[in-house]
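Working notes for the structure below.
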Amino acid sequence: MSEAPPAGVLTIDLDAIVRNFRLLAERVLPVDCAAVVKADAYGLGMAEVAAALARAECRSFFVAQLGEGVGLRKILRRAKSSATIYVLNGLMENERALYEAHDLVPCLNDLGQLESWATFCRARGQALACALQIDTGMNRLGFPPADLNRLAGEPKRLVGVDLCLVFSHLACSDEADHPMNRRQLGRFRAALDRLPHCRASLAASSGMFLGREFLFNTVRAGVALYGGNPTPNAPNPMEQVVQLQGKILQVRDVDRGETVGYGATHRLTRPCRIATVGVGYADGFLRSLSNRGSAAIGGVTAPIVGRVSMDLLTLDVSAAAPELARPGAMVELIGPSRGIDDVAAEAGTIPYEILTALGPRYERRYTGGAASSE
Ligand SMILES: *Cc1c(COP(=O)(O)O)cnc(C)c1O
């Protein structure tokens with residue numbers, strides 16, 4: 001980006017991510033805690049986040065795509081880490097050499113992918129590491145029941161590969177009482193019984209809080225590392241990681257009866273002071289926050305009035321101190337008084353989407369992470 005002062009500043013606390021990792025890792029001991037850093041570490045920057053986690057002795061990482069895995073391997077090499085990298089989205093035939101070259105573990109999602117990897121291993125004369133994803137009810141990725149049945153009946157299909165993890169993914173782990181959790185646990189145990197003995201993993205962030213029987217050998221922590229609440233119906237045990245500040249560009253006094261913004265969706269019922277902030281939906285500040293979200297200025301809540309537009313949003317700052325609500329001042333859009341879970345609830349979505357939507361126009365400032373500024 002240019003040297004021009006930014007209209008939004010995103011501050012990412014790497015030490016908070018490391019503390020969240022340690023909290024989860026200690027909670028699940030002696031089970032291993034892996035870090036999920038797909039989608040650029042949920043939008044927070046894979047290079048910085050993965051390097052900080054590697055320094056905190058994180059030994060396994062998950063990404064979604066092969067390209068992410070290739071990038072992560074370079075980051076980990078620089079950080080002098082030889083951690084395992086799992087690629088969730090599965091194996092295409094023309095990708096096998098890249099998996100090997102970058103020491104990545106493919107998560108195989110059906111018999112065809114297993115056959116392809118086994119053939120590759122035989123041709124290389126080497127049992128290369130792989131993981132199996134078992135579909136236990138998500139119906140998204142992983143061995144479907146028919147493929148699992150065939151594999152259980154023909155265990156020779158695993159000869160020549162180094163099977164290092166069998167895992168599945170829970171559909172409803174954020175709802176502790178949902179019957180799907182027990183059903184998937186049962187199906188996962190049944191699958192493990194029919195496969196050669198191997199390390200196993202079922203829980204992501206929320207699954208870790210369902211009880212020790214969900215932990216198996218490895219848990220896959222994602223959103224909780226980044227401050228999202230893994231127990232949505234209880235207080236958030238995680239530390240907030242992200243702060244987002246937006247700059248006030250202009251302030252105006254508007255009469256009662258006037259409307260604000262596109263569509264004239266907000267009509268003032270009394271005279272108000274309106275501050276226009278240089279952050280909009282092009283920055284990932286979702287349009288669904290129109291007339292719903294709010295910002296904080298010096299401890300005072302300033303509601304979003306009118307629609308969020310592409311580059312701008314408008315706040316009712318009538319209650320804020322005038323010396324704080326002035327052009328050039330920064331308002332808190334995400335931070336101590338409004339966490340990512342709050343913003344997600346106001347936007348009608350989940351914290352995952354708030355994080356991964358955070359746009360490229362913000363100035364990104366990283367704090368902590370122990371000498372991370374290479
Ligand atoms: C994204 C993902 C995770 C991490 O989930 P969180 O809820 O963010 O902890 C774990 N496992 C799989 C298979 C995933 O796709």
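Throughout, read-outs are computed from the coordinates displayed, never taken from laboratory work. Predicted, not measured: the structure shown is a model, and the values here were computed from it. Ideal geometry is used to build each Cβ from the backbone, glycine not excepted, and the neighbour counts take in all protein chains shown.
For a quick check of your reading of the filter: which trypsin sites (Lys or Arg not before Pro) in the stretch 266-362 sit in a DSSP loop and have no more than 11 other Cβ atoms within 10 Å?
Values: sites: ARG267, ARG273, ARG287, ARG292, ARG307, ARG338, ARG361; in loops: ARG292, ARG307, ARG361.
Here no trypsin sites (Lys or Arg not before Pro) fit, given the DSSP loop and packing criteria.
Go ahead and run the numbers for FRET between GLU3 and THR367, Cβ-Cβ distance against an R0 of 22 Å, rounding to 0.05.
Details: r = 21 Å, r/R0 = 0.95.
Efficiency, from the Cβ-Cβ distance: 0.55.
Treating only the Cβ of Lys, Arg, Asp and Glu as charged (+1, +1, -1, -1), what charge dipole size does the stretch 297-354 show about its Cα centre? Round to the nearest 20 debye. Don't skip to the end; give the middle numbers.
On the way: 3 positive and 8 negative charges, 32 e Å.
For the stretch 297-354, the charge dipole is close to 160 debye.
Tell me the trypsin sites (Lys or Arg not before Pro) within the stretch 73-158 that lie in a loop according to DSSP and have at most 12 other beta-carbon atoms within 10 Å.
Details: sites: ARG73, LYS74, ARG77, ARG78, LYS80, ARG96, ARG122, ARG124, ARG140, ARG150, LYS156, ARG157; in loops: LYS80, ARG140.
Passing sites in the stretch 73-158 are LYS80, ARG140.
Out of GLY278, TYR262, GLY328, whose Cα points farthest toward the positive end of the dipole of the stretch 210-361 (charges: +1 Lys, Arg; -1 Asp, Glu; placed on Cβ)?
Result: TYR262, furthest along the dipole toward the positive end.
Treating only the Cβ atoms of Lys and Arg (+1) and Asp and Glu (-1) as charged, compute the dipole magnitude of the chain about its Cα centre; round to the nearest 20 debye.
Working: 40 positive and 39 negative charges, 84 e Å.
Charge dipole of the chain: 400 debye, to the nearest 20.
Decide, for the stretch 60-182, between rounded, prolate and oblate: order the square roots of the alpha carbon gyration tensor eigenvalues as a ≥ b ≥ c, take rounded if a/c falls under 1.5, and otherwise choose prolate if a/b is larger than b/c, else oblate.
On the way: a/c = 2.31, a/b = 1.19, b/c = 1.94.
Taking the square roots of the gyration eigenvalues as a ≥ b ≥ c, the stretch 60-182 is oblate.
With a 10 Å cut-off between alpha carbons and a GNM built on the chain, which of GLY298, GLY222, GLY257 moves the most?
GLY257
Provide the per-residue ³J(HN,Hα) series for the stretch 246-251, in order, calculated from phi with Karplus coefficients 6.51, -1.76, 1.60 and θ = phi - 60°, each as a whole number of Hz, with x at glycine and proline positions.
The phi angles translate into x, 8, 6, 9, 7, 10 Hz.
Among ALA319, ALA35, ALA50, whose mean-square fluctuation peaks in a Gaussian network model of the chain (Cα, cutoff 10 Å)?
Its mean-square fluctuation being the largest, the pick is ALA319.
Rounded, prolate or oblate, given the Cα gyration tensor of the stretch 175-271, with a/c below 1.5 counting as rounded?
prolate
Classify the stretch 1-101 as rounded, prolate or oblate, taking a ≥ b ≥ c as the square roots of the eigenvalues of its Cα gyration tensor: rounded when a/c is under 1.5, otherwise prolate if a/b is larger than b/c and oblate if not.
Details: a/c = 2.06, a/b = 1.16, b/c = 1.78.
Here the stretch 1-101 falls in the oblate category.
What's the extension gain from GLN65 to ARG270 if we count 0.36 nm per residue and subtract their Cα-Cα distance?
On the way: separation 205, 0.36 × 205 = 73.80 nm, distance 5.20 nm.
Full-extension gain reported as 68.6 nm.
Starting from the stretch 310-361, pick out the GluC sites (Glu not before Pro) whose DSSP state is loop and whose Cβ has at most 15 other Cβ atoms within 10 Å. Mind dumping the intermediate values first?
On the way: sites: GLU323, GLU332, GLU346, GLU353; in loops: GLU323.
Hits after loop and neighbour filter: GLU323.
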